[in-house]
1. For the range 2-239, give me the percentage of DSSP beta bridges that are antiparallel, rounded to the nearest 5 percent.
2. Just how far, in whole angstrom, is the range 1-40 from the range 203-258 if you go by their alpha carbon centroids?
3. Kindly identify the range 130-258 as rounded, prolate or oblate by the Cα gyration tensor criterion: order the square roots of the eigenvalues as a ≥ b ≥ c, call it rounded if a/c is under 1.5, otherwise compare a/b with b/c, prolate if a/b is larger, else oblate.
4. Quote the convex hull volume per residue of the range 63-103, based on C-alpha atoms, as a whole number of Å³.
5. Is it possible to state the helix-based mean residue ellipticity at 222 nm for the chain, with each DSSP H run of 4+ residues giving -39500 (n - 2.57), the sum divided by total residues, to the nearest 500 deg cm²/dmol? What is it?
6. Across bins of 10 angstrom width beginning at 0, how are the C-alpha pair distances of the range 13-59 distributed, in whole percent?
7. For a distance above 32 Å, tell me the whole-number percent of Cα pairs in the chain that qualify.
8. Which whole-number percent gives the relative contact order of the range 8-86, counting Cα pairs below 8 Å spaced six or more residues apart?
Amino acid sequence: MRDFIALIPARLASTRLPDKPLADIGGVPMVVRVAQRARLSGARRVVIATDASSIDAVARQHGIEVVMTRADHPSGTDRLAQAATLLELPDEAIVVNVQGDEPLIPPALIAEVADLLASRSDCAIATAAHPLDTLAEYLNPNTVKVVTDATGCAAYFSRAPIPWDRDHLAGGASQRPDTMSAAIRNMLPLRHIGLYAYRVGFLRAYPGLARSPYEMLESLEQLRALWHGYRIAVLRVEQAPPSGVDTPEDLERVRRLV
């Protein structure tokens, strides 16, 4: 078993899909399916962090460890910070934040992100990214892009199309057909995958960090860590993991697959 803890923050406050963590998928609540996937990663411990008694009840019913957190956390990272304190985890421990609406997440990806952070003593966080396939994704502000430095650490995350090839895209990328040209492919634009491994010491510091102006402009929480000098290692994978569940249509898609 690997020496990391998978923490799964789960709340009921979804507007597009009420009670989302409890949605039935083949007779099992979604958040429990996520925990089962996390167990397959080889995590030493898998814990659901929630403020809802109903989630606490189904977790215990299925033999999943659970910790009750406050209801007023402004972000999932703040919830993880409290969970790490309640679980009395040491600063050097590694925690992987597995979102509670990712019932198809590959267990190997969880393990690889944890392993990357374990191998990078200079980093407080590790995450993942994959190459973009289409121009539409590259231009889509809902697709978060990341560029890395020579050491494989994140230099910046943005909703804008980065990096921007001035010479080949001088006329505007929107003028090109909806395929990735060779010039854009050579830039290796990467889509960020929202899976994070953290050192617990960083999680404890996070609630006290001032928000970054870039974080507020882009609405990207990870920019706060970069603003304050924390390094983020980026694991490059060749394919995107299966999509999570945000809408009723997503839920039906996952039910059909399961």
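1. In the range 2-239, DSSP labels about 50 percent of beta bridges as antiparallel.
2. 16 Å
3. The shape class here is oblate.
4. That works out to 100 Å³ per residue.
5. Computed mean residue ellipticity for the chain: -8500 deg cm²/dmol.
6. Whole-percent P(r) values from 0 Å outward: 25, 53, 21, 1.
7. On the way: 7445 of 33153 pairs.
Counting pairs separated by more than 32 Å, the tail of P(r) holds 22 percent.
8. 27 percent
No value in this document is a laboratory result; all are computed from the given coordinates. Computed from a predicted model, the values in this text were never measured in an experiment.
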